[in-house]
Amino acid sequence: MSAPYDIAVIGSGPGGYVAALKSAQMGARTVLIEKGLVGGTCLNRGCIPTKSLLAGAELLHDIRSRAPEMGIEVGGEPTVKWEVLLARKEKVLDIQRKGLHFLFEKRGIALVSGEASLERPGRIAVKSPDGSKTVEARNVILASGSRPARIPGWPVDERVVTSDEALDWKALPESLLIVGAGVVGCEFACLLAEFGVKVTLVEMLSQFIPGMDADLSKGLERVFRKRKIAFFVDTKVEDLREHEGKMRATLSNGKTVEVEKVLVATGRCPESEALALGNAGIASERGFVTVNDRMETNIAHHYAIGDLNGRALLAHAASAQGLVAVKNALGGKEECTAPAPWCVYTFPEIAGVGMREDQAREKGIPIASGVFPMMALGKARAYGDTEGFVKVVRNRETQEIVGVHALGHAATEFIAAAAVLVHTKAKATDVADMIFAHPTMSEAVREAAEMSLFEGLHQPPAKAVRVRV
Amino acid sequence: MRDTIQMPELPGEAPDGTIRRWLKREGDAVRAGDVIALVETERGVVELASEHDGALGAILVPAGKTAAPGTPLAELAAAGEGIPKAAPSPSAEKPAAPGARGVRPILMPKAGNDMEEGTLLRWAVAEGDQVKVGMVLFEIETDKATLEVESEFEGTLRRIVVKEGETVAVHTPLAYLADSEAALEAFLAAQGGEPGAVSQTEETGKAPAGGPQREVSTAVAAETAAATVLAGEGRVHASPAARKMAAEGGLDLGALAGRGSGPGGRILSGDLARAGAVSGTQPVAAKAQPAHKDPEGTVRKPMTPMRRAIARNLTQSAQTIPHFFMKTTVRAEHLEGMYRRLKPLIKVSFNDLLLAAVAHVMTHFPPFRCQVHGEEFLEFASCNIGMAVAVEDGLRVPVMMGVDKMTLVQLAQETKRVIQEARNGKSANAGKGTFTISNLGMTDTEEFTAIINPPESAILAVGKITDGVRVEQGEIRPARLLSVWLSSNHRVIDGITAARFLAELRKVLEAPEVLERNEE
């Protein structure tokens, strides 16, 4: 057994690999343990592969929806060759993974392959087909991530799958039931409907992407309706079974749906069983490791970041938490409290940062909201995609912008500007004074800030409301 | 009949409204149908139009503040009746900007019952500026807080008479709004040419509607208009009682001509009694002239109001309170374990656990719930505990009210809020505590004693947790040890009481699970 490392990181997703790079950069002896391919869910089964496929779907959508009015002629009906798109996706992932290996090597990070489990604090057993070994470290950062949840009692075969399997379908199904209209469900619905799959989307709760601003959900419903994607909210799948070679789902609204395949997208569970947290006395709740804002677990020198702690389930949040954990492991006292923007890569895109209106109300913040429709934006009109809007939520007393919610072309890009405003507690009055480049989609943020002050210029004046007192 | 204008029911999911702007000022005439204020809701701006003719009285909710439906926003005096603030006059239709005669002094506000003086930190406006209602005029520092003061009137700021950094008594004129330079000169001449010598006729630092302790912003202005009129007429208005008192005391009523607190500046007997305090309106921060030359590089610094308050209170405490001191050492393993367990769950701080433990014990020890006032004790039913919070250049002691009735979750939230407020210059519930905790556990201090914060009965000084050893059943074992010193006021607490309190506190700190039992 070798001398103890300064930091051992378990899991090489966007939380773990960023932590390992930071740790090595800060001069700590670092070991990174990964049971599969480097890059975690994000690079292998999440962000990057889905975005690679969505890029194809969006291009096809653009050609179909915008090319004709711009006089662009494509010989014949444009279609997708799924196997080509899949191969391109694999190439993208391969390049990214090679990039990671290159960085690990250049930074002198020891990469150990195998499944990690804790033997006691600071001591990790790594099992792999080549045998077992033990790794000792002064600090341990747990970053084993999460996996898609499955529904107990439903068949587990190639017809009832999660996003993990759907990303590698050899051929597209003719029809698909997606259970759960969260981020994954909505992105897959958008992707596959463009490629001609007959999609039915079922959500148990009352809106698309529960937890998102309700107006954004309604906006997305409108888009899906236009694209003939069938969906039901407030609806459960009561029963799922095989029927004459197809999967037949009975819904709580009495309808039945017969489809070739079923995609279960009801959420994610923590990858914590294999870690044997109990051996080190690490506390968890429903498998998610309990941490404080410093990413510390209840056991000294043991940290948990990313999906495993259940705080955000976002790649960029995991990375931010990884940096905090490393700095604290090496003597810092940092907290990870910055607001994390979130994105949905449907087309049009959806993004948000900060509080929803109802969250602000619950905290007793007096708010005012301003909504600016993309229809009134020069860039959106010129580009040819006027779907969506930006909503800015302002604190009426302090003028601070407490939340920004956007649906529209490039929303995931300009949300970065909004995140800066929310993080720095910028005032709506200041934003109204800032100069945003024209013509851009990001102008909608400034316009919505003005609308929240009830001083927007690019909308007709609101009708005066007068109350007798 | 005097009526109030109330926040109406507003559209939107949260029915509260925020005053965006007052379109009428106190004293302005209002006709039925006139829009008097703009109110913001979640979705837009609502105009509040008056249902009646009349005149706007005191504004109770200033611009920028939020109020629920039914909250009185301002007083409205029916047409023909007296208006609470400004004297009704034929020109009420066209309100003269600064008060009658065109001059309105701006005074150091009295932003709290025991505020006697304030330091002008910063002018937000300059001579010649147009001042609007709600505009921040200046920032002051009292011994409790720093606050921004907004204007309640509009007009041209003609002259600033108190500069940044100067400390003056409350109600001292700081600047004047005036229509013209000439009007101001005439006004000052009528006052005897002494800007500082104006005795004000009216309490003008506005007590906010919500309650006595809100110190956010204080609208300020003065009505001294009538004074000049009468002074110019060469005749002195005074009540018979005042005349008698003046005659008996050999006082010259002329010195107060037109500046009494009665209607139109009429001198009342009380004004004579207060006449001595007129000098109190002079700047009180006289510059100390060094008797000899200071060595090179030496800087003389006046104390800030906060330092003066600390110096005054703690000197008085150290010199007059019969302190006695007692120490106990607590095994802190369980306390630390509980802290580590709860911190990620409910963001509780170590200090919160100390507060909860002290409150838990205090409920059984009435002397620790007492303030000492002269020969009287004030015993509170609940546990009001102060926390010493280090701030820039000093210390504030916000008080947590009713800690014994809070769950740890509530406590954790509330302490965070009041500590933040303290850092922003505001001490919550100052003067309402009976016990203070001074925690230096985050430093390298192992133990220390503290001076009681008067009129409280005791203070607990908490050091850091150290690694030590304890002998248990004849064996030396490592232990985590926390030493606390209790300073008690012997006027209310005897040695045996303090000893029992401390023993009880040690028990709770060593088995702190009892603090979680009320987490329902």
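Criterion applied to A:Ala55, A:Ala67 was being of a type outside the set (Ser, Thr, Tyr), at pLDDT below 95 and either within 25 Å of the chain's Cα centre (by Cα) or closer than 18 Å to A:Phe347 by Cα (or both), and the one residue passing it is A:Ala67.
The set of residues in the range B:321-338 being touching a residue at least 24 places away in the same chain (Cβ under 8 Å) and part of a helix (DSSP H, G or I) consists of B:Glu333, B:His334, B:Leu335, B:Glu336, B:Met338.
The residue of the range B:13-35 that is farthest from B:Thr71 (Cα to Cα), among those that are within 8 Å of chain A (Cβ to nearest Cβ) and not in a loop (DSSP other than H, G, I, E, B), is B:Val35. Pairs meeting the criteria (first residue in the range A:223-238 and free of Cβ contacts under 8 Å to residues at least 12 places away in the same chain, second residue surrounded by 16 or more Cβ atoms within 10 Å (Cβ to Cβ) and part of a loop (DSSP other than H, G, I, E, B), beta carbons under 9 Å, at least 6 apart or on different chains) are A:Lys226/A:Glu387. The sole residue among A:Gly354, A:Gly388, A:Gly378 that is touching a residue at least 12 places away in the same chain (Cβ under 8 Å) and buried (at least 24 other Cβ atoms within 10 Å of the Cβ) is A:Gly388. Taking the range B:339-349 as the search range and keeping residues that are touching a residue at least 24 places away in the same chain (Cβ under 8 Å) and surrounded by fewer than 20 Cβ atoms within 10 Å (Cβ to Cβ), which one is nearest to the other protein chains (Cβ to nearest Cβ)? Taking the candidates together, the pick is B:Lys347.
Here the range B:133-156 is the region considered, the condition is being surrounded by fewer than 22 Cβ atoms within 10 Å (Cβ to Cβ) and aliphatic (A, V, I, L, M), and the residue that is farthest from B:Val391 (Cα to Cα) is B:Val133.
With the requirement that a residue be within 22 Å of the chain's Cα centre (by Cα) and of a type in the set (Gly, Ala, Ser), what does the range A:285-314 give you? Hits for the range A:285-314 are A:Gly287, A:Ala304, A:Gly306, A:Gly310, A:Ala312. Could you tell me whether B:Glu333 is touching a strand residue (DSSP E or B) at 6+ places or on another chain (Cβ under 6 Å) and acidic (Asp, Glu)? So B:Glu333 fits the description; yes.
Of the residues in the range B:50-69, not one is outside any loop (DSSP other than H, G, I, E, B), within 12 Å of another protein chain (Cβ to nearest Cβ) and surrounded by fewer than 18 Cβ atoms within 10 Å (Cβ to Cβ).
Residue check: is A:Ala315 among the small types (Gly, Ala, Ser), within 14 Å of chain B (Cβ to nearest Cβ) and buried (at least 19 other Cβ atoms within 10 Å of the Cβ)? When the stated conditions are applied, A:Ala315 does not pass them. From the set of residues in the range B:1-12 that are part of a strand (DSSP E or B) and more than 8 Å from chain A (Cβ to nearest Cβ), which is farthest from B:Thr66 (Cα to Cα)? Among those residues, the one meeting the criterion is B:Arg2. Within the range A:258-285, the residues that satisfy the criterion of being within 14 Å of another protein chain (Cβ to nearest Cβ) and in a loop (DSSP other than H, G, I, E, B) are A:Gly281, A:Ile282, A:Ala283. Within the set A:Val74, A:Val92, A:Val80, A:Val84, the sole residue that is among the aliphatic types (A, V, I, L, M), over 23 Å from the mean Cα position of the chain (by Cα) and assigned to a helix (DSSP H, G or I) turns out to be A:Val84. On the stretch given as the range A:343-371, residues that are within 14 Å of another protein chain (Cβ to nearest Cβ) and among the aliphatic types (A, V, I, L, M) total 6. Based on what the data block shows, is A:Phe454 within 22 Å of A:Gly388 (Cβ to Cβ), within 13 Å of chain B (Cβ to nearest Cβ), surrounded by fewer than 22 Cβ atoms within 10 Å (Cβ to Cβ) and hydrophobic (A, V, I, L, M, F, W, C)? The answer is yes for A:Phe454. When A:Ala428, A:Ala437 are checked against the criterion of being within 26 Å of A:Glu387 (Cα to Cα) and more than 12 Å from chain B (Cβ to nearest Cβ), a single residue qualifies: A:Ala437. Against the list (1) outside any loop (DSSP other than H, G, I, E, B); (2) more than 14 Å from every other protein chain (Cβ to nearest Cβ), the condition A:Ala340 fails is (1).
Of all the residues that make up the range A:196-227, how many are over 22 Å from A:Thr386 (Cβ atoms) and of a type outside the set (A, V, I, L, M, F, W, C)?
Of the residues in the range A:196-227, 8 are over 22 Å from A:Thr386 (Cβ atoms) and of a type outside the set (A, V, I, L, M, F, W, C).
Report whether or not A:Ala320 is within 14 Å of chain B (Cβ to nearest Cβ) and assigned to a helix (DSSP H, G or I).
No: the conditions fail for A:Ala320.
Being more than 18 Å from A:Gly354 (Cα to Cα) and crowded, with 21+ Cβ neighbours inside 10 Å is the filter here; which residues of the range A:433-442 pass it?
A:Met441
Of the residues in the range A:80-94, how many are without any contact (Cβ under 8 Å) to a residue 24 or more places away in the chain and over 21 Å from A:Gly13 (Cα atoms)? Of the residues in the range A:80-94, 3 are without any contact (Cβ under 8 Å) to a residue 24 or more places away in the chain and over 21 Å from A:Gly13 (Cα atoms).
Taking residues in the range B:1-25 that are closer than 17 Å to B:Ala58 by Cα and touching a residue at least 60 places away in the same chain (Cβ under 8 Å), and partners anywhere that are surrounded by fewer than 21 Cβ atoms within 10 Å (Cβ to Cβ) and among the acidic types (Asp, Glu), the pairs with Cβ atoms closer than 9 Å and at least 6 places apart or on different chains are B:Met1/B:Glu81; B:Arg2/B:Glu75; B:Arg2/B:Glu81; B:Asp3/B:Glu75; B:Thr4/B:Glu75; B:Ile5/B:Glu51; B:Ile5/B:Glu75; B:Arg25/B:Glu154. Checked against (1) surrounded by 17 or more Cβ atoms within 10 Å (Cβ to Cβ); (2) closer than 26 Å to B:Lys343 by Cβ, B:Arg423 meets all criteria but (1).
The values are calculated or read from the model by the stated rules, or taken from the named source; none is laboratory data. Everything quoted here is computed from the prediction, not taken from an experiment. Reconstructed Cβ throughout: ideal geometry from the backbone, glycine too, with neighbour counts over all protein chains shown.
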